[in-house]
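**Student:** Pasting in a structure now, in structure tokens, and then I'll have a few things to ask.
The values are calculated or read from the model by the stated rules, or taken from the named source; none is laboratory data. Treat the numbers as computed from the prediction; the structure is a model and nothing was measured. When we count neighbours, we look across all protein chains shown, and the Cβ atoms used for this are built from the backbone with ideal geometry, even at glycine.
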Amino acid sequence: MHVQMAVTMQLTPFIPKLRRLRSSHNLNFHNKTAATSIIACCSARNSSEAEVLVSEFNPKIPIEEAVTPPTSWYTDPSFFQLELHRIFYRGWQAVGSTEQIKDPNSFFTGRLGDVEFVVCRDESGKLQAFHNVCRHHASLLASGSGHKSCFVCPYHGWTYGLSGALLKATRISGMRNFNVKDFGLIPIKVSTWGPFILLNLEKESLPLMEIDSTYVAKEWLGSCSEILSTNGIDSSLNYVCRREYTIDCNWKVFCDNYLDGGYHVPYAHKGLASGLKFDSYSTTIFERVSIQSCEGSSGESKDNYDRLGRKAIYAFIYPNFMINRYGPWMDTNLVLPLGPNKCQVVFDYYLEHSLKHDKDFIELSLQDSEKVQIEDIVLCEGVQKGLQSPAYYVGRYAPKVEQAMHHFHCLLYENLKK
Ligand code: FES
Ligand SMILES: [Fe+2]
């Protein structure tokens with residue numbers, strides 16, 4: 001009897017899995033010569049099958065009855081491409097810290113989906129961002145980060161200024177109908193909020209000019225930008241360091257883990273749990289942001305070591321940026337999608353001024369934080385394997401604690417639908 005029941009229950013999940021296998025295929029992102037159409041070119045291509053997968057989640061069902069998005073959202077290559085175009089190539093996206101480009105002529109490079117970018121300050125200190133692709137034969141132009149007075153292409157030496165202009169095109173004598181003015185780097189809209197650098201890869205949304213950061217705050221954070229500022233998320237902190245982790249899971253698995261209202265903490269982070277008062281845990285939902293907060297068990301710390309302080313705030317900014325403010329610390333987690341089954345998480349650590357020379361405190365705190373990250377990585381990679389298993393198709397929400405996760409999935413649905 002029990003065996004029969006088990007067989008019947010296990011058969012159901014295989015049906016959507018088969019559908020998923022039929023619909024999955026790789027979509028290559030062809031580079032266009034007209035670089036301004038990079039983002040637009042494949043937004044509509046072959047997305048219909050992925051769109052069917054979007055409809056497998058219903059945001060109208062209340063959390064008490066809802067099922068989570070199906071496994072295809074976390075594993076399917078065509079769904080991943082749809083996400084890049086409809087989520088990451090739209091609106092403001094956090095990409096780094098103002099610390100990375102403090103001086104004129106400083107720059108850093110990065111990649112978001114298939115978009116290679118370089119952010120820099122030109123000679124006059126003006127913030128600029130460009131597609132990091134040479135206009136000659138598409139070589140990547142700059143790499144890493146540092147200071148430069150111009151970008152010289154490593155392939156054939158075409159040279160661009162930090163304001164994007166093509167300054168020198170080598171050995172082009174005999175070339176006709178060529179105007180250097182038309183071959184500058186392709187600009188990207190860039191702005192800042194607090195210590196964060198934001199890019200907007202949408203081609204049409206805003207004119208390319210100095211973008212007002214109040215406007216950006218409203219678009220990026222909605223009504224909670226003031227709440228974040230008044231909770232100590234600002235530019236007054238000292239930058240400490242960066243840690244990067246490549247994780248074998250879909251980028252949303254990491255976000256989901258962050259958004260479970262502390263559900264996993266007592267089971268998976270016993271060390272962290274002892275520093276938090278769980279009965280004070282709360283979640284508040286804003287338009288595109290959710291804030292989880294929890295009181296720390298301050299005063300119970302040994303040896304004056306108090307990494308978490310009296311209150312911890314965990315702000316999730318849709319789609320992939322987290323700001324954690326606790327005790328004297330702030331850290332940010334940027335979750336970069338690398339493929340359906342892989343992401344990179346970039347942690348930037350900031351500390352209050354008074355502790356910036358306290359090496360022991362910094363080292364101990366970073367060790368404790370690292371321990372939590374490793375615990376989360378093990379969980380996330382385990383979940384990804386489970387999502388790829390034929391035994392699982394959708395799950396359920398714990399309504400009292402997983403509201404932020406449900407909100408995240410509803411926002412994804414809304415974005416992916418149009
Ligand atoms: S690809 Fe850059 S100079 Fe040729
Ligand atoms: Fe965790």
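**Student:** Condition first: of a type in the set (A, V, I, L, M, F, W, C) and out of contact with any helix residue (DSSP H, G or I) (no Cβ under 9 Å at 6 or more places or on another chain). Now tell me which residues in the range 173-207 satisfy that.
**Tutor:** The answer is Met175, Phe178, Val180, Phe183, Ile188, Val190, Leu199.
**Student:** Would a scan of the range 215-233 turn up a residue that is within 30 Å of Glu363 (Cα to Cα), of a type outside the set (Lys, Arg) and without any contact (Cβ under 8 Å) to a residue 12 or more places away in the chain?
**Tutor:** The answer is yes; a qualifying residue exists.
**Student:** Taking the condition of being in a strand (DSSP E or B) and more than 25 Å from Glu381 (Cβ to Cβ), how many residues in the range 245-288 meet it?
**Tutor:** Qualifying residue count for the region: 9.
**Student:** Consider only pairs whose beta carbons are under 9 Å apart and that are at least six residues apart or on different chains; among these, list those whose first residue lies in the range 363-385 and is not assigned by TED's automatic domain parsing to the domain that holds Leu272 and whose second residue is within 11 Å of ligand 2 (Cβ to nearest atom) and at pLDDT below 95.
**Tutor:** If the second residue must be within 11 Å of ligand 2 (Cβ to nearest atom) and at pLDDT below 95, no pairs are left.
**Student:** Under 7 Å between Cβ atoms, at least 6 apart or on separate chains: pull out the pairs that start in the range 48-62 with a residue that is farther than 14 Å from Glu414 by Cα and end on any residue that is surrounded by fewer than 12 Cβ atoms within 10 Å (Cβ to Cβ).
**Tutor:** From residues that are farther than 14 Å from Glu414 by Cα, there are no pairs.
**Student:** In addition: Just to be sure I understand, how many residues within the range 336-374 are part of a loop (DSSP other than H, G, I, E, B), of a type in the set (S, T, N, Q) and surrounded by fewer than 16 Cβ atoms within 10 Å (Cβ to Cβ)?
**Tutor:** Going through the range 336-374 one residue at a time, the tally reaches 0.
**Student:** Identify the single condition in (1) closer than 19 Å to Trp220 by Cα; (2) away from ligand 2 (no atom under 14 Å from the Cβ) that Arg307 does not satisfy, given that it satisfies every other one.
**Tutor:** Only one criterion is unmet by Arg307, namely (1).
**Student:** Residue pairs, Cβ under 9 Å, 6 or more apart or interchain, first in the range 394-418 and within 18 Å of Phe80 (Cβ to Cβ) and not assigned by TED's automatic domain parsing to the domain that holds Tyr314, second crowded, with 22+ Cβ neighbours inside 10 Å and modelled with pLDDT under 95. List them.
**Tutor:** Cβ pairs passing all conditions: none.
**Student:** Go through the range 382-418 and report how many residues are surrounded by 15 or more Cβ atoms within 10 Å (Cβ to Cβ), in a helix (DSSP H, G or I), within 16 Å of ligand 2 (Cβ to nearest atom) and not aromatic (Phe, Trp, Tyr).
**Tutor:** Residues that pass the stated criteria total 4.
**Student:** Does the range 178-191 contain any residue that is loosely packed, with under 12 Cβ neighbours inside 10 Å, modelled with pLDDT under 95 and either touching a Leu at 6+ places or on another chain (Cβ under 6 Å) or in a loop (DSSP other than H, G, I, E, B) (or both)?
**Tutor:** Checking the range 178-191: not a single residue is loosely packed, with under 12 Cβ neighbours inside 10 Å, modelled with pLDDT under 95 and either touching a Leu at 6+ places or on another chain (Cβ under 6 Å) or in a loop (DSSP other than H, G, I, E, B) (or both).
**Student:** Please tell me if Val378 is at pLDDT 95 or above, more than 19 Å from Asp331 (Cβ to Cβ) and in contact with a Cys (Cβ under 8 Å, 6 or more places away or on another chain).
**Tutor:** Judged against the criteria, Val378 is not a match.
**Student:** Right, here's the next one. So which residues in the range 165-196 are within 26 Å of the chain's Cα centre (by Cα) and within 16 Å of ligand 1 (Cβ to nearest atom)?
**Tutor:** Leu185, Ile186
**Student:** Please go through the range 132-151 and pick out each residue that is buried (at least 18 other Cβ atoms within 10 Å of the Cβ) and out of contact with any helix residue (DSSP H, G or I) (no Cβ under 6 Å at 6 or more places or on another chain).
**Tutor:** Selection gives Asn132, Val133, Cys134, Leu141, Ala142, Phe151.
**Student:** What strands (runs of 3 or more DSSP E) completely inside the range 91-177 contain at least 1 residues that are small (Gly, Ala, Ser)?
**Tutor:** 92-97, 106-112, 127-131, 145-147, 159-161
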